Each structure stands twice: as C-alpha cells, then as structure tokens.
Amino acid sequence: MSALIRLAAWGALIGLGLWIFGGLALRAAGALSFAGGLLIAADSGSLAAGIFAALGAVAWLAGHWLFAARNHFYRSPLARRVFLTALPPRLDPTRGWGIPNVPPERRG
C-alpha cells in the first residue's frame, strides 16, 4: 500500500509541475528547436532538420495551448491568430469562456 501511495504522490507532483511550468518549457524548447532546425535545414538542406523544426513549432503551439488553457488568454498575438484562424475551433482552449480572449494588459 505504501508503494501505491508513493506512486500517486509522485504522479501528482509531476502533474503539478507540468501544469505550472509545462507551458513555459514547451514554448522555450519549441522556439529553440524551431530556430535551430531552420538554421540547420537552410545550411545543409537536411530533411531531418526540417522535421526537427516542424516538431519545434508543434511544441511551441502546445506550450501556448497549455498557457491559454490555464490563463484564458494567449501569450503572443501569433499564437492567438493561429489558434483562432488557422486551426479548427475545437482546438481553441479559450472557447466558451465568459471572459474575453485578450491579455489583461490590453483589456483597458
């Protein structure tokens, strides 16, 4: 029984850490991966570097999705535009909320 409680406690701790720091970590790692992959792909023409850049873009979007799910607004105008215009509406984590989908500093 003690092992089950320990496993549940570690799972809760890891889940809480991902919920709090996951958006920032995904956005930072995704941006670096995207930029690095593009630089390497432009220099060598490598398909693997292009795939690495695409995965970086997906990680960046996942970080913005997680941030928007927690805070009900997007951290960057680019992410807001992508989620509201380019992707299907069911992927928008801010849909259906009663507050506007803009950052607090722009609410006036």
Per DSSP, the loop-located chymotrypsin sites (Phe, Trp or Tyr not before Pro) within segment 33-101 having at most 14 other beta carbons within 10 Å are TRP97
For the ARG75, TRP10 Cβ pair and Förster radius 25 Å, calculated FRET efficiency rounded to 0.05 is 0.30
If R0 = 41 Å, then ALA3 and ALA54, at their Cβ-Cβ distance, give a FRET efficiency to the nearest 0.05 of 0.50
Label model pair LEU84, PHE21: point-to-point distance (7 angstrom along the Cα→beta-carbon line) in nm is 3.2
When SER2, SER46, SER33 are arranged by how many other beta-carbons sit within 10 Å of their Cβ, fewest first, they go SER2, SER46, SER33
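For segment 42-100, what is the charge dipole size about the Cα centre, in debye to the nearest 20, if Lys and Arg each add +1 at the Cβ and Asp and Glu each add -1 at the Cβ? List each step's numbers first, then the result.
On the way: 6 positive and 2 negative charges, 61 e Å.
Here segment 42-100 has a charge dipole of around 300 debye.
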In whole Hz, the Karplus estimates of ³J(HN,Hα) for segment 13-25 (6.51, -1.76, 1.60; θ = phi - 60°; x where Gly or Pro) are 5, 5, x, 5, x, 5, 5, 7, 9, x, x, 5, 5
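Coordinate-derived values only; no laboratory data. All figures in this text were calculated on a predicted structure; none of them were measured in a lab. Please note: Cβ atoms are built from the backbone with ideal geometry, for glycine as well, and neighbour counts cover all protein chains shown.
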